[in-house]
Amino acid sequence: MSIVSDTEFQAEMSRRSLLGWGLAAGVFGFAGPSLLSVGARAATPDGEVLTGSHWGAFRAKVEGGRVVSVKPWEKDPAPSHQLAGVLDSIYSPTRIKYPMVRRAWLEKGPGAAPETRGAGDFVRVTWDQAIDLIAKELQRVEKTYGPTATFAGSYGWKSPGRLHNCQSLLRRMMNLKGNFVNASGDYSTGAAQVIMPHVVGTLEMYEQQTVWPVVVAETQLMVFWGADPMVTNQISWTIGDHGGYEGMKALKAKGTKVICIDPVKTETCDFFGAQWIAPRPQTDVALMLGIAHTLVVEKLHDEKFLKDYTAGFDKFLPYLMGETDKQPKSAEWAAEICEVPAETIKELARAFAKNRTMLAGGFSLQRQHYGEQRHWMLVTLAAMLGQIGLPGGGFGFSYHYANGGAPSADAPVLTGITDGGKAKEGAAWMTEAGAATIPCARVVDMLMNPGKEFDFNGKKAKYPNVKMAYWVGGNPFAHHQDRNRQVAAFQKLDTFVVQDFQWTPTARFADIVLPATTSYERNDIESVGDYAGSAILAMKKVIEPVFESKTDYEIFALISEKLGKGKEFTEGKSEMDWIKSFYDAALTQAKAKKIAMPEFDAFWNGAGVVEFPVTVGKTFVRYGKFREDPLLNPLGTPSGKIEIYSKNIEKMGYDDCGPHPMWYEPVERLGGPTTKYKLHVDTSHPKSRLHSQLCGTSLRETYAIAGHEPCLINTKDAEARGIKDGDVVRVYNDRGQILAGAKVSDAIRPGVIRVNEGGWYDPLEGGKPGTLCRYGDANVLTVDIGTSKLAQGNCGHTAVGEVEKYTGPTVTIGVFTAPKGAA
Amino acid sequence: MTDLSSVRARPAATPAALLLDATEDAASLLLLLAGLFAAPPEEGTFLSLRRGAAADLLTRLADGATLAAPIAAFRATIETPEDEATLARRLAPVFGLLFLGLGGPSTVAPYESVHRCGGRMWQAPTGEMERLLAAHDLSAALEREPADHLSIETAFLARLVAIGHPDRHALARRLGAWVPTFADDLAHADGTGVFAAAARLLVAAIEHASDASTPRNEPRKA
């Protein structure tokens, strides 16, 4: 090419008016988006913002309007390594950018081509369109099918924050709209939280424990039964305080004996150098009965405590001793079921009785078929030991959850936005709002069986015929069981709306998807520590909302406005008005109790955190007052005592939950008499996720094997199947199949493999029941049945299956960020 | 807004005009490809690509050795029996799955940050691009997208090429540092081949554009 002079070139360029180049792609005769604008963007101030998350409070460094790093709050005693995932979640390439609608739904209307749900064919729409579509569909469904055709019992681990509580906001909007189907309970403790009020008169599962300083001082034997607090205390429902780690460190430093009963040698077991007892999964009740039988045989049980503080032991004892069914629940009997040697069972009984023993049970025990029995029997066992209400003795069900046992501060109660329904005492999520209510874990059963009668806690009801569902702050395509059944069930809906900040497996299965902000793109307020309540934190907006995302409050206000209920929804308050009102309500309490708290403006514009002192909370002993005087401080049960035999449950007449704790053979288990497969699939919580949250972050690279969710397998089981460490394996049963990466280890008992729950469902063919999950979603394999007629909790730990080295075609996975080579 | 068909109607008589023709074609190709990765292509896009101004552009550029093969490969993916509306309809969900995040495992994020900074959007390259654009009194206009979106970087390069700005070489090197990786990922993830071929063509177009618009003996790429 000829060399052209600069003058000539510039003159020709000027003649052609090319200076506008690149501002748009419209030069080819078709419309395209504007790409560049003339004029630089205004600079945003840099700085550091203190805010909070499930993983703890943290300071976010902001530069140029972007979060560039996060560091734990300096007052956090044990920051979680998961905190690094916060940045990934804000800036994940799977953020939902703008409202989108499934093409078939948009073009042909509700219910069109349900088989294409999950296939990913979405069309972008404006916010105005999306809000209009949702409002009209809510009205259509209610008008056409009545008040029980819209499900808003949305469940899941929403972000913390007292205003942008998306599930309360959803139901607030629904209550104003008219009516809806609600859900009760939760997936964490679905079985126990229903049976415990019959046994001890409270929900129990989320109550403060005998605090760690007392445990450290008084407990001689700490037993973690199906609990791994070193892993699970990383997260809290509110903002994580991590006070439990201080307790565990102190307990270890003191040298207190610890026993871990778990099919896996847990992080907690390693931390304490604990004795590891590894029963067959789901056989805990048999093991507990064997211990209880030994206590009676060796006269180690506390008859006086049983007489003074419990009711119905006399009716339980004949069952325990085999007088009612000719089967003594001896250590030998239990050993046959749980595969813990009879002598070990007897030694456990003796050790429990000899020492001040704290039985710390995990939630996992009750997320199994007949899960109600585990917690009931553990309470019964603790009652037989007679240490309930003594410092450092008894039982506790939250030492592993949200740092239960961290001493409670002298703090006011921080309120939050309400859903307009009437809350049941003790559990904010168990509202009575809604035209109908189902146990939350029966949602798929409801969709599959409209009109079918079901039992729940002494009552009978029929499943409503739901046509529309709206989900916020949750990922049911991760936390629900039997994924393939779920895929089929959700195809029955006319309309499925999902509001989230990223394309979860659930969002991909929706008809209408709305982009919500993360909690770091909005203002809110929250307590630090579920049990500790050590501070109130200003959750200040760190960055502006990315893409077109809106806050949950704004989204539901817009829908309410479209429904003609905007003023009722907002009550004329802005985001900051609400936050100030919550704080001021706490401030009023604080003043009455003479607790120091600054005025709101000083709090919000100052440090952004107000901390509270711990005084009487340091010496709290659970059931201490009851033990001190059971007549003056009775329990909330009919007898006022611990009910080992429940007449109320007896009256229900259930064949799967009798009037006292007993052993039931689950639908399937390792070594079960009718069980087809030879391996139990353990689905415990992951170390580097909060259920499914953060699965799409760089943390995954720290644990994934060959790009898949790890499958922990015992050395002998691996050898028998020709599986080596690092192999891709197929885990399967009659319900489905997943790929995983083998991690061969002796830290898991033979006959058990572990695939942590929360791995994102990654179907080879989206929307097709039975398709292979490429990543390793454990809930493809679990059973979707209720724990019993009493509680109808989920059975997320009930699964057996088989594993083999994968020899099928290559299915490269690259979960969520598509690393190089993703297919 | 410049209409390519009207530009091509002008006689190209002088060396400066000839060079600018080449420059403009190079910039046009970049802008065309920027648009393909900015939003799901519509019926009009494929009409232009098959038999409109975009098709003319591709035909002209296919005469050169650098672009002939990638242009042929790209055209092969869109020269299907289906009409343009059907093609657009078929590719719209693919666009979402590949670039908008809803494909999850199959997402190939069109952001420099994602490919250079551990999989996250809005990292250092975003700030760098914002500053580069600001130095030219520009900013990203693609609705709330970070400035290191492929389409924004590519459109910016098109503009710099079109006006012969010396910064085009540095920006071409910048794109050249990550777009090949992006194209490789697409080659695995895009079952239709359309976007993968477009990405391959973009890699070549970046190389071509840096060379095509050099009016004097100024330094080429390092």
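Every read-out reported here was derived from the displayed coordinates using simple, explicitly stated rules and does not represent laboratory data. Being a predicted model, the structure only gives us computed values, none of them experimental. Heads up, the Cβs are rebuilt from the backbone with ideal geometry, glycines too, and the neighbour counts pull from every protein chain shown.
For the reader, a short list of remarks on this structure follows.
- Charge-dipole axis of chain A as Lys and Arg at +1 and Asp and Glu at -1 on Cβ define it, positive-most pick from A:SER549, A:LEU221, A:LEU670: A:SER549
- Shielding of A:85-96 by partner chains, average beta-carbon count, 10 Å: 5
- Likely footprinting exposure, A:TYR645, A:TYR664, fewest C-beta neighbours within 10 Å first: A:TYR664, A:TYR645
- Sum of side-chain charges, A:HIS54 neighbourhood, beta-carbon under 12 Å (Lys, Arg +1; Asp, Glu -1): -1
- CD proxy at 222 nm, helix term only [per DSSP H run n ≥ 4: -39500 (n - 2.57); per residue of chain A; nearest 500]: -8000 deg cm²/dmol
- The mean number of Cβ atoms from other chains found within 10 Å of a Cβ in peptide B:34-40 is 5, as a whole number.
- Pairwise label distance in nanometres, A:THR588 with A:HIS81, each label 7 Å out on the Cα-Cβ vector: 4.7
- Principal-axis analysis of the Cα atoms of chain A puts helix A:166-177 at an angle of about 80° to the longest axis.
- The HN-Hα couplings worked out from phi for region A:327-335 by the Karplus form 6.51 cos²θ - 1.76 cosθ + 1.60 (θ = phi - 60°) are 10, x, 8, 6, 4, 5, 4, 5, 4 Hz, whole numbers, x standing for Gly and Pro.
- Projection of the Cα convex hull of region A:277-406, averaged over all directions and equal to a quarter of that hull's surface, yields 8.0 nm².
- Taking Cβ atoms as reference points and 9 Å as the exclusive limit, the residues near B:GLU84 contribute a net charge of -3, counting Lys and Arg as +1 and Asp and Glu as -1.
- If R0 is 22 Å, the Cβ-Cβ spacing of A:THR810 and B:THR80 corresponds to a FRET efficiency of close to 0.25.
- Subset of A:LYS550/A:LYS573; A:LYS467/A:LYS565; A:LYS61/A:LYS580 violating a 20 Å alpha-carbon distance limit: A:LYS467/A:LYS565; A:LYS61/A:LYS580
- Applying Stokes-Einstein at 4 °C and 1.567 mPa s to the Kirkwood radius of region B:15-212, computed over alpha-carbon pairs, gives a translational diffusion coefficient of 77 µm² s⁻¹.
- D_trans [Stokes-Einstein, Kirkwood Rh over alpha-carbon pairs] for region A:653-769, 37 °C, 0.692 mPa s, µm² s⁻¹: 204
- Degrees, to the nearest 10: A:552-562 long Cα axis against longest axis of chain A: 70
- Across A:LYS75/A:LYS618; A:LYS143/A:LYS177; A:LYS687/A:LYS743; A:LYS177/A:LYS567; A:LYS540/A:LYS591, pairs whose alpha-carbon gap is larger than 22 Å: A:LYS540/A:LYS591
- Antiparallel DSSP beta bridges within chain A, as percent of all bridges there, nearest 5: 55
- At R0 = 56 Å, FRET efficiency that the Cβ-Cβ distance of A:LYS71 and A:LYS326 yields, to 0.05: 0.30
- Amide proton proximity set for A:PHE122, modelled H, under 5 Å, gap of 5+: A:ARG103
- Note on region A:573-602 and region B:167-191: Cα centroid distance 53 Å, given to the nearest whole angstrom.
- Spin-label pair B:ARG116/A:LYS254, simplified geometry with 7 Å Cα→Cβ offset, distance in nm: 5.5
- Computed from Cα positions, the angle between helix A:342-354 and the longest principal axis of chain A comes to roughly 90 degrees.
- Label positions at A:GLU267 and B:ALA134, each projected 7 Å from the Cα along the C-beta direction, are separated by 4.1 nm.
- Sites A:LYS304 and A:VAL413, calculated FRET efficiency, Cβ-Cβ separation with R0 56 Å, nearest 0.05: 0.90
- Listed peptides A:234-247, A:739-752, A:531-544 by packing density, highest first (mean Cβ within 10 Å): A:234-247, A:531-544, A:739-752
- Amide H within-cut-off set for A:TRP157, under 5 Å, with H built and near neighbours excluded: A:ASN475
- Average beta carbon contacts from partner chains per residue of B:113-125, 10 Å cutoff: 6
- In sequence order, calculated HN-Hα J values of region A:518-525 (Karplus, 6.51, -1.76, 1.60; Hz; x Gly/Pro): 6, 6, 8, 10, 7, 8, 7, 8
- Burial ordering of B:ASP184, A:ASP270, fewest other beta-carbon atoms within 10 Å first: A:ASP270, B:ASP184
- GluC sites (Glu not before Pro) lying in DSSP loop within region A:716-801, provided at most 11 other Cβ fall within 10 Å: A:GLU765
- Integer Hz, Karplus 6.51/-1.76/1.60 couplings in order for region B:188-194, x for Gly and Pro: 7, 8, 8, x, 7, x, 5
- Inter-part distance where region A:724-768 and region A:225-300 are each reduced to a Cα centre, Å: 25
- As a rough footprinting exposure proxy, the listed residues A:SER330, A:SER684 were ranked by other beta carbons within 10 Å of their own, and the order from fewest upward is A:SER330, A:SER684.
- Using the alpha-carbon positions of the protein assembly as shown, Rg (one decimal) and Dmax (whole number) come out as 31.5, 111 Å.
- Considering only Cα atoms, the convex hull volume of region A:488-528 works out to 110 Å³ per residue.
- Normalised contact order of chain A, rounded percent, pairs of Cα under 8 Å and 6 or more residues apart: 19
- The separation of region A:461-504 from region A:664-721, counted between C-alpha centres, amounts to 24 Å.
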